[in-house]
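Just so you know, all these numbers are worked out from the coordinates, no wet-lab data involved. The structure displayed is predicted, hence computed values, not measured ones. Every residue, glycine as well, gets a Cβ built from its backbone with ideal geometry; the counts of neighbours run over all protein chains shown.
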Amino acid sequence: MKMKEQTTKKSITNHPFVVKNDNICGGSPIIVGTRARVIDIAIEYEVLGRSPDEIVNSHPHLDLSQVHDALSYYYENREDLDRKIEEDEEFVRSLRSRYRSKLAQAYAEN
């Protein structure tokens, strides 16, 4: 039996530590060799107020140059990535409205 060859669409960026691969994280830009999405690093920095050093401490598989490169990529592509963040947040909101938390249901029953 012959296995089908899986086509991988991989996009190279101008950033040495950032790549886009349609088969990883839905094509969202990631740090090479990881599943760490650029938008997750950006959220930690922008929203949570973590420094690049704190981000590295939270993700020991990353180094400082990878985090800085991810942030640089984010700022160069901010409009598109902010749109992706908003789409992800809307998806979560829609799931929350359709599926009530089991914990919330348990408290409501008591």
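P(r) tail for the chain: Cα pairs beyond 17 Å make up 62% of the total.
Helix 64-76 and the longest principal axis of the Cα set of the chain meet at an angle near 80°.
Only Lys, Arg, Asp and Glu carry charge here, each on its Cβ (+1 for the first two, -1 for the last two); on that basis segment 10-109 has a dipole of about 500 debye about its Cα centre. Of the residues SER72, ILE41, GLN105, the one whose Cα sits farthest towards the positive end of the charge dipole of the chain is GLN105 (charges of +1 on Lys and Arg Cβ, -1 on Asp and Glu Cβ, taken about the Cα centre).
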